[in-house]
């Protein structure tokens with residue numbers, strides 16, 4: 001089942017076809033990981049786009065129809081839709097089917113999805129840590145996953161064979177796969193991804209509220225620093241709204257730490273404490289080296 | 001004097017040779033903007049590097065020696081050195097010489113430099129808004145300025161010819177040049193550059209304080225969001241320490257606005273206000289379009 005030219009799944013169903021869903025479809029197609037790709041989405045336009053891009057073998061506006069006979073079902077919707085999707089697909093799932101996802105929070109699979117699944121269906125939550133600021137099926141590309149990390153949070157009682165097959169799918173899509181506890185994942189990502197996005201959304205909002213002439217200059221002189229924040233803050237609003245609501249405990253915790261640290265630097269600036277600033281900025285430079293060594297740049 | 005194959009200056013002197021100083025030397029060399037490039041720096045290693053890169057015609061550890069007979073002197077040191085450099089070079093400046101700089105704050109030229117300059121010397125403060133997270137003379141490259149904005153803040157009584165010559169130098173280095181009030185510049189940059197850097201330094205510091213195992217994971221999963229912050233927070237510590245100290249009023253002002261906005265989003269997350277988050281994130285997406293339209297991406 002792990003050979004590079006063997007089908008991993010006869011039929012997979014993608015529920016939702018945004019940036020990640022369409023990129024996954026592209027990787028599955030490119031590497032011939034499944035015999036049939038069924039796609040469900042809320043809009044016919046999205047489904048038509050997936051068909052036009054040859055990324056769907058069958059499409060449906062009804063998620064229950066899409067998951068019929070599927071060996072693997074992958075939720076690719078915003079987190080806020082998980083519970084209703086789980087309710088919808090549960091009666092139509094094939095015995096022994098694997099249910100996975102690509103969402104940025106993982107405890108939600110335990111809270112919002114697992115309770116609705118019938119016995120004999122295997123839950124293997126997943127999070128391919130990759131993305132761009134673009135959204136929608138046209139924004140997808142199979143190479144998005146190349147060299148990035150994918151976290152799976154199957155829990156101790158998960159079916160080993162099911163975990164192995166999901167792991168293989170992401171590996172063959174180019175990712176490094178790591179198994180982790182769902183709660184731990186949500187804490188790590190709160191810091192590395194959710195907090196940075198919240199901050200970027202905030203500072204870009206602060207700029208939006210400026211008077212018009214100042215705002216034009218903010219655009220002009222964005223080369224240094226601000227530009228990176230605007231890119232992050234251009235990410236999909238609904239996706240991010242749901243992440244903050246579904247991972248609110250971990251986000252509010254790291255936000256508290258961040259605010260303490262920011263207040264401390266603010267105090268150092270107000271009091272003119274050069275040594276303290278110097279020491280802090282020198283220390284942060286080293287962590288960049290860590291990121292480069294971890295090959296995430 | 002503005003012809004593209006005419007020397008703009010017989011002799012220019014660069015005080016300091018980090019990323020910006022060496023990039024400027026590279027552009028001056030490439031476009032033959034000056035007959036002679038004199039470079040002063042605090043370390044012989046830096047001077048030797050500039051000589052090896054053919055970016056200096058003469059070098060000196062003494063800034064006063066370097067500025068002798070120079071038509072244009074450009075301060076390229078951290079802001080904290082401006083006052084002592086101004087005191088050092090003042091007696092050696094040629095009558096009619098232009099004194100400019102490349103610093104990220106502009107009121108400092110009025111407060112720390114202007115009082116020390118002799119009569120008959122022209123002050124034309126400048127800020128090429130361009131950079132990378134790398135430092136030192138080896139990090140420089142002449143193309144750094146291409147298509148970016150350069151702000152000049154000469155003040156109403158400045159010598160028009162002197163302003164024109166400095167403007168020409170940056171234009172011929174590839175920049176768009178804008179004239180602005182120094183205080184206004186410092187406010188705009190506090191938001192577009194200084195605050196983003198402060199925030200990036202803070203969040204990367206927050207991560208540095210985590211337990212070791214969590215820290216390793218922060219590196220691994222930095223692909224989404226955090227990575228951009230680590231890049232910003234790898235910028236030169238001394239340069240940034242000085243920016244925050246020298247532009248503290250404007251930085252503390254925008255920091256106050258930012259903190260208010262962040263607290264408001266924090267409250268929305270804690271109270272589960274989906275509509276409020278949705279509305280905010282949708283609004284910030286538009287400003288990205290503004291940045292792209294302003295060609296800073």
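The values are calculated or read from the model by the stated rules, or taken from the named source; none is laboratory data. This structure is a prediction, so every number in the text was calculated from the model and none was measured. Note: ideal-geometry Cβ built from the backbone for every residue, glycine included; neighbour counts use all protein chains shown.
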Open item on the list: Going residue by residue through segment A:251-271, is there one that turns out to be under 23 Å from residue B:187 (Cβ atoms) and in contact with a strand residue (DSSP E or B) (Cβ under 9 Å, 6 or more places away or on another chain)?
Closed with: no
Open item on the list: Condition first: closer than 20 Å to residue A:238 by Cα and out of contact with any strand residue (DSSP E or B) (no Cβ under 9 Å at 6 or more places or on another chain). Can you find one or more residues in segment A:58-75 that meet it?
Closed with: no
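So that you can scan it fast, the table gives a plain yes or no per residue for (1) more than 19 Å from the chain's Cα centre (by Cα); (2) assigned to a helix (DSSP H, G or I); (3) closer than 26 Å to residue B:221 by Cα:
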residue: A:201; (1), (2), (3): no, yes, yes
residue: A:206; (1), (2), (3): yes, yes, no
residue: A:219; (1), (2), (3): yes, yes, no
residue: A:240; (1), (2), (3): no, yes, yes
residue: A:249; (1), (2), (3): no, yes, yes
residue: A:275; (1), (2), (3): yes, yes, no
residue: A:283; (1), (2), (3): yes, yes, yes
Open item on the list: Against the conditions (1) closer than 25 Å to residue B:255 by Cβ; (2) at pLDDT below 95; (3) not in a helix (DSSP H, G or I), where does residue B:188 fall short? Just the number, please.
Closed with: (3)
- [ ] Could you list, in sequence order, all residues of segment A:90-133 that are under 10 Å from the mean Cα position of the chain (by Cα) and more than 14 Å from chain B (Cβ to nearest Cβ)?
- [x] A:101
Task: Selection within segment A:147-173 - surrounded by fewer than 21 Cβ atoms within 10 Å (Cβ to Cβ) and in contact with a helix residue (DSSP H, G or I) (Cβ under 9 Å, 6 or more places away or on another chain) - done: A:155, A:172
Task: The lone exception for residue B:236 - which of (1) surrounded by 19 or more Cβ atoms within 10 Å (Cβ to Cβ); (2) within 22 Å of the chain's Cα centre (by Cα); (3) modelled with pLDDT under 90; (4) at the interface with another protein chain (Cβ under 7 Å from one of its Cβ atoms) it fails - done: (4)
TODO: Could you grab me the full set of residues in segment B:147-166 that are at pLDDT 95 or above, under 28 Å from residue B:46 (Cα atoms) and not in a strand (DSSP E or B)?
DONE: B:165, B:166
- [ ] Out of A:111, A:54, report the one residue that is surrounded by fewer than 21 Cβ atoms within 10 Å (Cβ to Cβ) and assigned to a loop (DSSP other than H, G, I, E, B).
- [x] A:54
Task: Selection count, segment B:253-273, where residues are farther than 21 Å from residue A:257 by Cα and part of a helix (DSSP H, G or I) - done: 1
Open item on the list: Considering only residues that are more than 14 Å from chain A (Cβ to nearest Cβ) and outside any helix (DSSP H, G or I), which ones fall in segment B:72-89?
Closed with: B:72, B:73, B:74, B:75, B:76, B:77
Task: Test: residue A:214 is in the same structural domain as residue A:190 (by TED's automatic domain parsing) and either touching a residue at least 60 places away in the same chain (Cβ under 8 Å) or over 27 Å from the mean Cα position of the chain (by Cα) (or both) - done: yes
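A quick yes/no check of all residues on (1) farther than 18 Å from residue B:204 by Cβ; (2) surrounded by fewer than 21 Cβ atoms within 10 Å (Cβ to Cβ); (3) within 7 Å of chain B (Cβ to nearest Cβ):
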| site | (1), (2), (3) |
| --- | --- |
| A:208 | yes, yes, yes |
| A:226 | no, no, yes |
| A:229 | no, no, yes |
| A:232 | no, no, yes |
| A:244 | yes, no, yes |
| A:251 | no, no, yes |
| A:259 | no, yes, no |
| A:266 | no, yes, yes |
| A:270 | yes, yes, yes |
- [ ] Scan segment A:221-238 for residues that are touching a helix residue (DSSP H, G or I) at 6+ places or on another chain (Cβ under 6 Å) and in a loop (DSSP other than H, G, I, E, B) and report the count.
- [x] 6
